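What follows is one structure encoded as structure tokens, with my remarks underneath.
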Amino acid sequence: MIARTLKTAAAVPNALIFARPTPFQRPSRLDARRCLAYLSVEHKGPIPREFRVPMGNRIYGCDDCLAVCPWNKFASVSREVRLQERTEFERPKLGDLARLDDTGFRALFAGSPIKRIGYARFLRNVLIAIGNSENTQLLGVARARLDAANPLIRGAAVWAVRRLAPEMAAGLRAHYLAAEVDNDVRAEWDGELDG
């Protein structure tokens, strides 16, 4: 069941209920389909349009709930070596991540929970972040993914290119639509950019 009633000692903080987007429909009622962590990690299809801009630069998960949770004031940094941050994951460049192939993805994220989402979902998330970046220097890596074999990657690339360069995307539309067989990708060429 996606929407569940939370049975905890503390009520859900108002900061979570009023955050946008929010997985909370009301206090103690969670809808995982609206959770950015769920969408970026567990959701297998295209990210719903209404959540793409709010995803910002999140590639794997979302810590907004952790940031406002009053119980986290009692948390301490773990001394467990396996839980320490890996320096190669600290502020990665979106362009470098978008250029990874499947082998590079597997090598970089070996031993990391990120590997679990797989290459296509990872790249989908990177392309959403690129589309939100407003950095036209990333247009080339996004455009290169318009030819990806996987439709999940192609669809996210269409969205990113349309966000970064709407005029260029309009010029590319007919060429790519002529050969596109995936309905989700076709819909990206014609869909609304912002949710």
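A few remarks follow.
- Counting the residues of the range 140-175 that are assigned to a helix (DSSP H, G or I) and within 24 Å of Glu50 (Cβ to Cβ) gives 21.
- For the range 31-53, a residue qualifies if it is over 17 Å from Ile153 (Cβ atoms), free of Cβ contacts under 8 Å to residues at least 60 places away in the same chain, in contact with a helix residue (DSSP H, G or I) (Cβ under 9 Å, 6 or more places away or on another chain) and not in a loop (DSSP other than H, G, I, E, B), and the qualifying residues are Ala32, Arg33, Arg34, Leu36, Ala37, Tyr38.
- Index of the failed condition, Asp101 passing every other in (1) surrounded by 11 or more Cβ atoms within 10 Å (Cβ to Cβ); (2) within 25 Å of Pro46 (Cα to Cα): (1)
- From Asp147, Asp96, residue being more than 26 Å from Asp184 (Cβ to Cβ), modelled with pLDDT of 95 or more, surrounded by fewer than 22 Cβ atoms within 10 Å (Cβ to Cβ) and not small (Gly, Ala, Ser): Asp96
- Residue match in the range 51-72 (condition: at pLDDT 75 or above and loosely packed, with under 15 Cβ neighbours inside 10 Å): yes
- Cβ-Cβ distances below 7 Å connect the following pairs, each with a first residue in the range 93-109 that is within 12 Å of Arg145 (Cα to Cα), a second residue that is of a type outside the set (A, V, I, L, M) and outside any loop (DSSP other than H, G, I, E, B), and a separation of six or more residues or different chains: Ala98/Arg145.
Conditions tested, residue by residue: (1) in contact with a Lys or Arg (Cβ under 7 Å, 6 or more places away or on another chain); (2) surrounded by 15 or more Cβ atoms within 10 Å (Cβ to Cβ).
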{"residue": "Gly118", "(1), (2)": "no, yes"}
{"residue": "Val126", "(1), (2)": "no, yes"}
{"residue": "Leu139", "(1), (2)": "no, yes"}
{"residue": "Pro151", "(1), (2)": "no, yes"}
{"residue": "Ala157", "(1), (2)": "yes, yes"}
{"residue": "Ala179", "(1), (2)": "no, no"}
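- Glu192 touching a residue at least 12 places away in the same chain (Cβ under 8 Å) and outside any helix (DSSP H, G or I): yes
- Residues of the range 19-48 that are touching a strand residue (DSSP E or B) at 6+ places or on another chain (Cβ under 8 Å) and either modelled with pLDDT of 85 or more or small (Gly, Ala, Ser) (or both): Ser28, Ala32.
- Qualifying residue in the range 108-115 (condition: assigned by TED's automatic domain parsing to the domain that holds Ala144, touching a helix residue (DSSP H, G or I) at 6+ places or on another chain (Cβ under 9 Å) and under 21 Å from Ala157 (Cα atoms)): yes
- Put simply, of Gly140, Gly104 the only residue that is under 26 Å from Glu192 (Cβ atoms) and modelled with pLDDT of 95 or more is Gly140.
The values are calculated or read from the model by the stated rules, or taken from the named source; none is laboratory data. Not measured: the values here are computed from a predicted model. Here Cβ is always computed from backbone atoms with ideal geometry, including for glycine, and neighbour counts include all displayed protein chains.
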